[in-house]
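Everything below concerns the one structure shown next.
Taken together, the values in this text are just the output of simple stated rules run on the coordinates, not laboratory data. A quick note: this is a predicted structure, and the numbers were derived from the prediction, not measured. Positions of Cβ are generated from backbone atoms using ideal geometry, with glycine treated the same way; all protein chains shown enter the neighbour counts.
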Amino acid sequence: MADLRGLFENNRRRETNAVVGELPYSIESADLRSGTAATVATNEAYTLVSVPSNVVVTNVFLVIETGSEFVAGTCTVTLGGTEVIPALTSLTTAGITASTAAPLLLEGAQDLVITPASLTVDSGNANAVAKVVVEYIDYDRATMSYIGEE
């Protein structure tokens, strides 16, 4: 049997990375001086972040923190066109929703997109924020540390 442990970067460490994208309900405050209205999230698609190429996505989570719930609304989250958080996932309850679509192999950079639905224009939404966490491993990029070194 051939030993490939020291060849082809087989002894180089790969690290787990994570990116977080946020969709706040209040995207931009009103500017009373110039007379512009506040910009709030609507029922359209929002690109949150781009996940790099040549990675294995191990998990995707939708996180709604206590005190950051929406008054009304649901969402769908897609990564490169693949639905990772299913449609009609509630934005009104604090907690975490895990993807059932992971793991995913991304050979090219892919956009993480959240599409809210049935959002209510309401001052009670002012502090609402939906966070999407994507955990991934770069399989082509490695650290400068080696397995077995002290």
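Can you work out the base-10 log of I(q)/I(0) for the chain at q = 0.08 1/Å, using the Debye formula on its C-alpha atoms alone? Each listed q maps to, in turn, -0.31. Taking other residues whose beta carbon is less than 10 angstrom from the beta carbon of Asn54, and scoring Lys, Arg as +1 and Asp, Glu as -1, yields -2. Residues Ile27, Ile137 in ascending order of nearby Cβ atoms (within 10 Å, fewest first): Ile27, Ile137. Each residue of segment 99-110 is assigned a 3J(HN,Hα), and the resulting list reads 6, 9, 8, 7, x, 10, 9, 10, 8, x, 4, 10 Hz, derived from the Karplus form 6.51 cos²θ - 1.76 cosθ + 1.60 (θ = phi - 60°), x at Gly and Pro. For the pair Glu107 and Ala38, label points projected 7 Å from Cα toward Cβ lie 4.6 nm apart. Summarised as an ellipsoid, segment 1-87 has semi-axes of 41, 16, 12 Å, derived from the eigenvalues of the Cα gyration tensor scaled by 5 and square-rooted, with the largest first. Arranged from fewest to most other beta-carbon atoms within 10 Å of their beta carbon, Leu119, Leu4 become Leu4, Leu119. Relative to one another, the C-alpha centroids of segment 64-100 and segment 1-32 are positioned 21 Å apart. Within the shell defined by Cβ-Cβ distances under 12 Å, the residues around Ala38 carry a net charge of -2, with Lys and Arg each +1 and Asp and Glu each -1. The magnitude of the dipole of the chain, with charges of +1 and -1 set on the Cβ of Lys/Arg and Asp/Glu and taken from the Cα centre, is near 40 debye.
With R₀ set to 35 Å, the beta-carbon distance separating Glu9 from Ala72 gives a calculated FRET efficiency near 0.10.
Residues Glu28, Glu135 in ascending order of nearby Cβ atoms (within 10 Å, fewest first): Glu28, Glu135.
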